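A.B. asks: What follows is a single structure, and I will ask about it in a moment.
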Amino acid sequence: NAVMAALRDRTLAHEGTVGLRYSQAIVNSGREAGASIEHPHGQLLGMSFVPRELVDELAGFSRFSGSCLLCTALHAECDVGHRIVEVTDETVVLCPFWSGLPFEMMVVPRHHGAHLHRSPTPELEAVGHSIRTALRLLRDRLGDISYNLVFHAAPYRVSGTYHWHVHILPKLTTLAGFELGTGVLINIVAPEHAATELRSSLTVR
């Protein structure tokens, strides 16, 4: 997967750049997702600070006693299966129980690792394939909708129990005053229902 390899290589270059602490990879598709051009396009932005979203995620991982928070969640979700979209040898695609958006998904490598740019090539390729599959399922069920992909990995000099992953964020609703005023999202589609709908398209080509 050339895209994932390029992301790895550019992130490695960022890691060696003085003053950069974190790099944020994103993909925007569609006007509602903030895309400035017609086709889906990705960006990798090197940052001299760790953004609050990552700080909050890191804190959640560090507060979890025992093993990795995300590894534990994956194990439990795979046992139950209600929110699982697809499982492969290398990845899990799920609609997390904390989904704030309708049909929100996560793509998570099954092997624990904090840094995307240190992941083995077969894992990166598998994540790329799973992202492509997840986007196809969204398109099959919901049409040509806008979406964002957000890649989350640990800052360069942080490891610990963090587990890198990808958020798939469809743009099906508009944030209203309550969400903007409180930061609390209202999801009108249960993640269990979303996962069932998406799974139903897995065998359809």
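The values are calculated or read from the model by the stated rules, or taken from the named source; none is laboratory data. Everything numeric here is computed off the predicted structure, so don't read it as measured data. For neighbour counting, all protein chains shown are included, and Cβ atoms are generated from backbone atoms with ideal geometry for every residue, glycine included. Note: areas computed on protein heavy atoms with side chains; ligands, DNA, RNA excluded. Shrake-Rupley method; radii C 1.70, N 1.55, O 1.52, S 1.80 Å.
A.B. asks: Normalised by the residues of the chain, what does the relative contact order come to in percent, with Cα pairs under 8 Å and at least six apart?
C.D. replies: So the answer I get is 27 percent.
A.B. asks: With each label point set 7 Å from Cα along the Cα-Cβ vector, what nm distance links R10 and V50?
C.D. replies: Reported label-point gap for R10 and V50 is 2.3 nm.
A.B. asks: Got a sec? Charge dipole of the chain, +1 on Cβ for Lys and Arg, -1 for Asp and Glu; which of V107, Y22, F97 is way out at the positive end?
C.D. replies: After comparing all options, I get Y22.
A.B. asks: Oh, and also: If pairing requires two Cys Cβ atoms under 4.7 Å apart, which cysteines of the chain are left without a partner?
C.D. replies: C78, C95
A.B. asks: Give me the 1.4 Å probe accessible area per residue for the chain, excluding ligands and nucleic acids, in Å².
C.D. replies: On the way: 10660 Å² over 205 residues.
Here the per-residue accessible area is 52 Å².
A.B. asks: How long are the semi-axes of the equivalent ellipsoid of the chain, taking √(5λ) for every eigenvalue λ of the Cα gyration tensor, in whole Å from largest down? Present the calculation step by step, with values, prior to reporting the outcome.
C.D. replies: On the way: eigenvalues 122, 81, 72 Å².
Output for the chain: semi-axes of 25, 20, 19 Å.
A.B. asks: A further question on this structure: How many percent of the accessible area of the chain is carbon or sulfur, using a 1.4 Å probe?
C.D. replies: That fraction is 56 percent.
A.B. asks: Also: Near V87, within a Cβ-to-Cβ distance under 14 Å, what is the net charge of the other residues, with Lys and Arg +1 and Asp and Glu -1?
C.D. replies: Details: positive: R83, R110, R199; negative: E77, D79, E86, D89, E90.
Charge balance near V87 sits at -2.
A.B. asks: Please work out the C-alpha center-to-center distance from the range 41-70 to the range 163-205 and express it in whole Å.
C.D. replies: After rounding, the separation between the Cα centres reads 20 Å.
A.B. asks: Which of the chymotrypsin sites (Phe, Trp or Tyr not before Pro) across the range 1-90 are loop residues per DSSP, with 12 or fewer other Cβ within 10 Å?
C.D. replies: On the way: sites: Y22, F49, F61, F64; in loops: F49, F64.
Taking the range 1-90 and a limit of 12 other Cβ atoms within 10 Å, the loop chymotrypsin sites (Phe, Trp or Tyr not before Pro) found are F49.
A.B. asks: Could you report the accessible area of D9 in Å², rounded to 10, computed with a 1.4 Å probe on the protein chains as they sit in the structure?
C.D. replies: 80
A.B. asks: For H82, list long-range residues whose amide hydrogen, built 1.01 Å from N in the peptide plane, is under 5 Å from its own amide hydrogen.
C.D. replies: Long-range HN contacts for H82: none found.
A.B. asks: Using amide H atoms built 1.01 Å from N in the peptide plane, name the residues 5+ places from T173, or on other chains, whose amide H lies under 5 Å from its own.
C.D. replies: none
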